[in-house]
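Contents: one structure, followed by commentary.
The values are calculated or read from the model by the stated rules, or taken from the named source; none is laboratory data. If you're wondering where the values come from, they're calculated on a predicted model, not measured in any experiment. Every residue, glycine among them, receives a Cβ derived from its backbone with ideal geometry; neighbour counts consider all protein chains shown. Only protein heavy atoms, including side chains, enter the accessible area calculation; ligands, DNA and RNA are left aside. Shrake-Rupley method; radii C 1.70, N 1.55, O 1.52, S 1.80 Å.
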Amino acid sequence: MSRTLSSRASNVLASLDISTTHEISGVYDGEWRGSGDLVSSTCPTTGEVLARVKTATPEELHAALERTREAYIHFRNVPAPRRGEILRQIREALASKVDELGALVSLEMGKIRTEGVGEVQEFVDICDYAVGLSRMMNGRVVASERPGHSILEVPNPLGVVAVLSAFNFPVAVYGWNLALSLAAGNATIWKPSPTTPLCSIAVTTIVSRVLEKNGVPGAVASLVTGGKEAGEAIVESQDVPLVSFTGSEHVGRIVGKNVAARFGRSILELGGNNASIVMPDADLSLAVPAVFFGAVGTAGQRCTSTRRLYLHRNIADEFLDRLQKMYRTVAPGDPLIDSTLLGPLHTKAACDIYDKTIQHLQAIDADILTGGKRYGHASLSAGNFVEPTIAIPKSVNPKDFIWKTETFAPILNAAIFDDLEQAIEWNNGVPQGLSSSLWTRDIRNLGRWIGPSGSDTGIVNVNVGTSGAEIGAAFGGNKSTGWGRESGGDAWKQYVRWSACTINLSDEAPLAQGVTFPA
């Protein structure tokens, strides 16, 4: 392979020992290999090809699944605190490369430098969490109605956990799953987005070195790069009891159906379409910057990006005026430069989706307050740069296409409401249910918002934007966003199998419920 890389790209790749001259192996199951189709990693900022990765053949994929299963059989018997110690070492290894990995995320995915580093920090943080969790993954003792009996609820390792991650968080989502999976005693097989293979290779290289140092089979954290066929094979495998999938609602439905058909489990993190509601008593000095980041951060490519904005009539004009002033300060640029706040969309296809949504807004006679086109600067022509957009559609019906459809781009649609009940109805009226945010200083509004008649999303915030969740709480949504939870809270309970164990410690053998059955 012959190519010329810019110094900005070659410096980032070299810092993580990623070859800038040869094709790169994209399969790891204790050994690096790959003899399947070549996929290109393309920089969304410059359009240059960063590397070409050798993906898995069907035979290599099935071999990786088999070796991952074998690694699980070994790893499940490692004491949980020892697994926690291995996670601590993974945490240290990642922390020593936070800046380099963050730069790679910016280079390959396109998010700005501070967000790239922050994403890697999420992986570090969830490792910290999982180290403590490894000593606290407790079952329960349940009182028995029978004399001399005890009932235990016991968690044990589940098996092989597959992680199918998306381009927009090419490091953190894997980290959420790997940390909990390893703490629980499982092995994982990672199938990353085909457009961000370098992030997965760099992370797997770091993790594999820690495993090797501790005498743990490398296939405890396997990697298989590839396209749709690789994902389908993993999803359909009987050797994978849990599939964690992050991606579109369309593909998520297929994954959920296929996993359920073989009685497997799935964690699905799909569409967002998140709303912020701003009440007349809100502190606008907090609300406006939060909506600004929620809508513009990561160029609108977070699952939790703010896509709908509902403003109380009394503050709508002032809020929109302040927000537009902030939008006018945004200048697109190289996400590797610290001062840049707006990077590119990830692919040319994403730009096309942006264009089609803008055309639809124009067709329905929406009022486009700012944005609405691609940047025309010559210096940006090779990248995927689009203008952050604020629009006010004429219709406020959440069943309309513009409201119910998530566009993975920096487009914010706004509407004006008169009372909180109306805004909650709009918030809940779309198919998705990931994140939502209410801005108010009235405790009565707060109580309604987080209660049974409030928001129906998985993340329900107050005076905090829709975007930027911490690792300590469980992450996930409801409705067509999918099901299951990742990261903190009780999410770990999905990565184990549970057994109810009744133990007779007496000299008698009574039956439950007073049943008698003379022998």
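For the reader, a short list of remarks on this structure follows.
- For the range 298-425, the carbon plus sulfur part of the accessible surface works out to 50%, probe radius 1.4 Å.
- With every protein chain in place, the range 157-248: carbon and sulfur % of accessible area (1.4 Å): 53
- For Trp32, residues with placed amide H under 5 Å, excluding near neighbours: none
- Solvent exposure of the range 150-241 as accessible area per residue, Å², 1.4 Å probe: 24
- The phi-based Karplus calculation (6.51 cos²θ - 1.76 cosθ + 1.60; θ = phi - 60°) puts the 3J(HN,Hα) values of the range 32-43 at 8, 7, x, 9, x, 4, 8, 10, 9, 9, 10, 6 Hz, whole numbers, x for Gly and Pro.
- Each of Lys213, Lys404 has its accessible area taken with a 1.4 Å probe; listed largest first, they run Lys213, Lys404.
- All other residues whose Cβ lies under 10 angstrom from that of Asn428 are scored, Lys and Arg at +1 and Asp and Glu at -1, for a net of -1.
- Heavy atoms of His22 accessible to a 1.4 Å probe, total area in Å² rounded to 10: 120
- Average Cα contact separation per residue, the chain, under 8 Å, 6 or more apart, as relative contact order %: 17
- Think of each Lys and Arg Cβ as +1 and each Asp and Glu Cβ as -1; about the Cα centre, that makes the dipole of the range 422-508 roughly 340 debye.
- Amide H to amide H, with H built 1.01 Å from N, Ser266 comes under 5 Å of Val243, counting only residues 5 or more places away or on other chains.
- Solvent exposure of Thr20, expressed as accessible area, is near 50 Å², computed with a probe of 1.4 Å over the protein chains only.
- Take Trp439: with every protein chain present and a 1.4 Å probe, its accessible area is about 10 Å².
- Solvent-accessible surface of the range 274-474, taken per residue with a 1.4 Å probe and all protein chains present: 41 Å².
- Summed side-chain charge close to Ala295 - residues other than Ala295 whose Cβ falls under 11 Å, Lys, Arg +1, Asp, Glu -1: +3
- 3J(HN,Hα) along the range 279-296, derived from phi through the Karplus expression 6.51 cos²θ - 1.76 cosθ + 1.60 where θ = phi - 60°, amounts to 7, x, 8, 5, 7, 5, 5, 9, 5, 5, x, 5, 5, 4, 5, x, 8, 9 Hz, with x in place of Gly and Pro.
- Vicinal HN-Hα couplings computed from phi for the range 329-338 (Karplus, 6.51 cos²θ - 1.76 cosθ + 1.60; Hz; Gly/Pro x): 8, 6, 10, x, x, 5, x, 7, 8, 4
- Here log10 I(q)/I(0) by the Debye sum over Cα atoms at q = 0.07, 0.08, 0.11 Å⁻¹ was calculated from the structure, and among (1) -0.48, -0.62, -1.06; (2) -0.41, -0.54, -0.96; (3) -0.58, -0.71, -1.03 it sits at label (2).
- Residues whose placed amide H lies under 5 Å from that of Thr370, excluding near-sequence neighbours: Ile390
- The chain - mean residue ellipticity at 222 nm from DSSP helices (-39,500 (n - 2.57) per run, n ≥ 4, rounded to 500): -11500 deg cm²/dmol
- Partner lysines for Lys493 [C-alpha distance under 24 Å; skip if fewer than 8 residues away on the same chain]: Lys191, Lys257, Lys479
- DSSP beta bridge pairing in the chain, given as percent antiparallel to the nearest 5: 40
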